[in-house]
Each structure stands twice: as structure tokens, then as C-alpha cells.
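Written below as C-alpha cells is the structure these notes are about.
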Amino acid sequence: MTVYKYDGTLDGFFSTVFEIYTTKTLPDEITSSEEIQLGLETNIINIITDDKKALRIKNSIIKNIGADELHKFDYAFASCDEQKEMKMFSFARLVFKHGSSVLHMMSLIEVINFNLMVSKVTLEVEHIKGFLRFAQLSNGLFLASYTPDNDITCFILPYFADRNGAMNFIIFDKSRNKMGLFNGEKYEIITCNENIPEIFTEEEAYCQSMWQQYFETVSIASRKNKRLQNRALPIRYRRNMSEFSSR
């Protein structure tokens, strides 16, 4: 069993693909996890991220299927799928073998798996753009906490920075202890091992209370449609929305 271990970055993954083609040793697993189950015949190949090698793979993908399709690897890599690396590699193999023709091979399982990861991440990004709620902390910063299925902070941070240009804010992915920071001019993503104390201003607490009251008041009991509501607003997104925080 051959396991390629990389650093968990996208360039690290592309460096891994480069090494696979260089050594001609196909992987049974590609992982960044520290917890690898070792067998008697497990061969672990540790990959050092090399920007030049990664760039060669990316340029090859662009040459075969175009820059827009390369961008889909960003979305696939953000997937929570535990087998995402192997599914991405399987798709990349088809790209290098068939070129642009792979874009029409929609019935192949490798293409289906890759596109499904991209679609799920893309859909969650669009959902979060509409569902994310910011609240003002006592220090003046605005905080939006959320628990996405996929690692999508890098996709929504530029969107909210452009939309809320005059506002200093933090987008906190509580599932991954990852924070997207924006100071009104530039943004960055960091990892934080501590929880953010959610101490809101009195005005913010009042506004949240009024919003909850409004949400309940405008609700018409005879017209409630839980099935439609659950389809339009999945339950998993409600835990960080003020409308549902008292429920």
C-alpha cells in the first residue's frame, strides 16, 4: 500500500501529483492526516511542497481544459469529502490522458465524483452568502460565526469584504478554528486555537431581540410550511442565525 503524505495545502496536493507522475508509483491514498494506519507493507512517501512543481501541474491542467476548470480544483479541495484527494487525482489523470474531451465524459465515475464535490461546495458558498449574520461586539468589531460543512472561508471572505468595505469584521469558522479577518482595507485568514468571546454591545443585543420578536410576530400560524422552510433554509445553517437562536 502506497500512501502519499503532504502538508494539506493545494500546492502540496499538486506537488504530490507531480511526484506521482515522476516516480510512476500510483497512490492507494493521498492524505495530510497525521493519523495513518500502518500495515506491514505500507509505504509512506512524504511530499515537500514545491511551488515550481505545483505550477507545472497547474499549467498542464490549464493547457488541457482551461483556467476556469483549474479553478474548480480550488472548490473540490475545499470539500469535506474524506477521499477528496484521491477523487481529485483520479480526475486529473483523465485530464492528462484525454485533454478537453474529459469535459464531455459526464458519465464516468471520476468525473461525477469531482463535479459533485465542486457542486456541493459551490452551493454552500451561495447559501452562506445569504445566511451569514454579523453582530457587533463590545470592542466595535463585527463577528459572524458559522459551522460550514466545507472549508469555504476563503471564498466568502472576499465577497463580504467587498460588500462591507467600511466595516472591520471577523468571520469565524468554529468547526475548523479558522478566522477570516478584514480591517477595512485588506483581509487574511488565520488559524485560532481559542474561542472568541461573544460579548455584544447593548444595542446589538437589543436589535437581535427585536429581530427575533419581529420574526415571530410576522409568522402566520395557518400558513406555516415547515417542509418549504427546511428546503429553502437548511436546519444546519440556523444554529448561528439570530432568528432561530432562541429556539
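Per-structure values
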{"read-out": "Odd one out for LEU137, checked against (1) modelled with pLDDT of 95 or more; (2) more than 15 Å from SER79 (Cα to Cα); (3) among the aliphatic types (A, V, I, L, M)", "value": "(1)"}
{"read-out": "In segment 119-148, the residues that are within 14 Å of the chain's Cα centre (by Cα) and surrounded by 16 or more Cβ atoms within 10 Å (Cβ to Cβ)", "value": "LYS120, VAL121, THR122, GLU124, VAL125, HIS127, ILE128, TYR146, PRO148"}
{"read-out": "Residue within segment 33-47 that is of a type in the set (Ser, Thr, Tyr) and over 23 Å from ILE112 (Cβ atoms) present", "value": "yes"}
{"read-out": "Members of segment 24-71 found to be within 22 Å of the chain's Cα centre (by Cα) and touching a residue at least 60 places away in the same chain (Cβ under 8 Å), listed by number", "value": "none"}
{"read-out": "Filtered residues of segment 67-83 (kept if under 14 Å from GLU110 (Cβ atoms), in contact with a helix residue (DSSP H, G or I) (Cβ under 6 Å, 6 or more places away or on another chain) and assigned to a helix (DSSP H, G or I))", "value": "LYS72, ALA76"}
{"read-out": "Matching residues, segment 106-140, being in contact with a helix residue (DSSP H, G or I) (Cβ under 9 Å, 6 or more places away or on another chain), within 30 Å of PHE169 (Cβ to Cβ) and not in a helix (DSSP H, G or I)", "value": "LEU132, ARG133, PHE134, ALA135, GLN136, LEU137, SER138"}
{"read-out": "Scope segment 99-118; condition closer than 22 Å to LEU55 by Cβ, surrounded by 14 or more Cβ atoms within 10 Å (Cβ to Cβ) and over 16 Å from the mean Cα position of the chain (by Cα); matching residues", "value": "VAL102"}
{"read-out": "Residue check for ASP11: at pLDDT 95 or above, touching a helix residue (DSSP H, G or I) at 6+ places or on another chain (Cβ under 8 Å) and either within 18 Å of ASP74 (Cβ to Cβ) or in the same structural domain as LYS84 (by TED's automatic domain parsing) (or both)", "value": "yes"}
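The values are calculated or read from the model by the stated rules, or taken from the named source; none is laboratory data. Remember, predicted model here, so these are calculated numbers, not experimental data. All Cβ positions, glycine included, derive from the backbone under ideal geometry; neighbour counts span all protein chains shown.
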